[in-house]
1. Kindly provide the set of residues from the range 1-20 that are over 26 Å from Ala182 (Cα atoms) and hydroxyl-bearing (Ser, Thr, Tyr), ordered by number.
2. Does Asp268 satisfy the criteria of being farther than 23 Å from Arg53 by Cβ and either outside the structural domain of Leu54 (by TED's automatic domain parsing) or under 44 Å from the mean Cα position of the chain (by Cα) (or both)?
3. Taking the criterion of being loosely packed, with under 11 Cβ neighbours inside 10 Å, outside the structural domain of Leu47 (by TED's automatic domain parsing) and modelled with pLDDT under 85, would at least one residue in the range 281-292 satisfy it?
4. Hand me the list of helices (runs of 4 or more DSSP H) wholly inside the range 202-298 holding 3 or more residues that are closer than 30 Å to Leu47 by Cβ and either in contact with a strand residue (DSSP E or B) (Cβ under 7 Å, 6 or more places away or on another chain) or among the hydrophobic types (A, V, I, L, M, F, W, C) (or both).
5. Scan the range 210-251 residue by residue and report those that are hydroxyl-bearing (Ser, Thr, Tyr) and surrounded by 15 or more Cβ atoms within 10 Å (Cβ to Cβ).
6. Could you go through the range 141-154 and let me know if any residue there is part of a helix (DSSP H, G or I), among the aliphatic types (A, V, I, L, M) and either at pLDDT below 60 or over 30 Å from Ala55 (Cα atoms) (or both).
7. State which residue pairs qualify: first residue over 21 Å from Leu282 (Cα atoms) and inside the range 225-242, second residue at pLDDT 80 or above in any location, beta carbons under 7 Å apart, and separation of 6 or more residues or different chains.
8. Answer yes or no: is there a residue in the range 52-75 that is surrounded by 13 or more Cβ atoms within 10 Å (Cβ to Cβ), touching a Lys or Arg at 6+ places or on another chain (Cβ under 7 Å) and at pLDDT below 85.
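The values are calculated or read from the model by the stated rules, or taken from the named source; none is laboratory data. The structure displayed is predicted, hence computed values, not measured ones. Positions of Cβ are generated from backbone atoms using ideal geometry, with glycine treated the same way; all protein chains shown enter the neighbour counts.
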Amino acid sequence: MKTITTLFSQEHNQLQTEIDNLTSIEQVVKLVQNRLDNLERIYISELNVAQVRLASFFLDTLRQSIATLTAANFQKIAPIEPKQITNPATKFAPNTLILKLLKALIYIGILGWLFHLTETTPGAWMAILLASVLLGLEVVLQLDKNNSTSVEQLELAQPILRVDSKVLLANIADALNTIDLAVARFEEGNKHEADLGIEELPELLNFVQRLIGASFLDKPQMVNELAKLLPQILMSQGIRAQNYQPKDPLSYREYFDFEPSIDPSTKDYVTITPALLKSDRLLRRGRVIEPAYSKARE
């Protein structure tokens, strides 16, 4: 019997590739859950009824835990208003202030000297005009530089939510290994109980002894009376006999083997041998004759 971990490892690489090619969490969850469904159908085909219920319970829990991945989603972030950032270069350092004062004094000195020249040289007014223009440009540039601010719009990179396929599949493999261990231990416990010899079951041994004695005495009535004690003996060991009843929700078809009746007029199910169960564990499958063309067949 292959373990579910072995079955999963055979599809690991292909599943990882498919996950890496998907773009949304919902697609990843759906893919993994569908793959687990396929693995479950193959895995439980070789288990008994009790093991099937145990494995199905764990796999349902695993599928539900994987579905919680869909809770991860992007949060909408409110747009950030433009932030005005003052250029730090506009702050006056002592050396810069001294240089600016020297420049101003030089310009004032040049203009004063040119005005003085106008008394003797009429053409000096042109030099005064040019110097005034240069001085005005210098003042405009300095004011623009000092009062300049830069507006910086912070742009957030669009986040991408992805599933790390290696981490996800590694955790799923661990969970499947846990299922294999639980099912294996349950099977070992069943084998241990099955290894008990009849000599360790005094009530059953006593019944067999009395049944053999009745057969030696050739007393069919005594044999019938002894047979009525069988359910009580089985119950003392926690074993119950289950007949098949189509309308009984607790009478599962998987507990029985069915054979069609050779009489086409038969409309009833006839239990030839009951199924033997201990708690929820099937010990022996029963045998049932069912109507050959019954519409009630499930």
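1. Once the filter is applied, which keeps residues that are over 26 Å from Ala182 (Cα atoms) and hydroxyl-bearing (Ser, Thr, Tyr), the range 1-20 yields only Thr17.
2. Working: farther than 23 Å from Arg53 by Cβ: yes; either outside the structural domain of Leu54 (by TED's automatic domain parsing) or under 44 Å from the mean Cα position of the chain (by Cα) (or both): yes.
Against the criterion (farther than 23 Å from Arg53 by Cβ and either outside the structural domain of Leu54 (by TED's automatic domain parsing) or under 44 Å from the mean Cα position of the chain (by Cα) (or both)), Asp268 qualifies.
3. The first filter runs over the range 281-292 and keeps only residues loosely packed, with under 11 Cβ neighbours inside 10 Å, leaving none.
Checking the range 281-292: not a single residue is loosely packed, with under 11 Cβ neighbours inside 10 Å, outside the structural domain of Leu47 (by TED's automatic domain parsing) and modelled with pLDDT under 85.
4. 230-236
5. Tyr244, Ser251, listed by residue number.
6. yes
7. If the second residue must be at pLDDT 80 or above, the pairs left are Leu226/Arg210; Leu226/Leu211; Leu226/Ala214.
8. no
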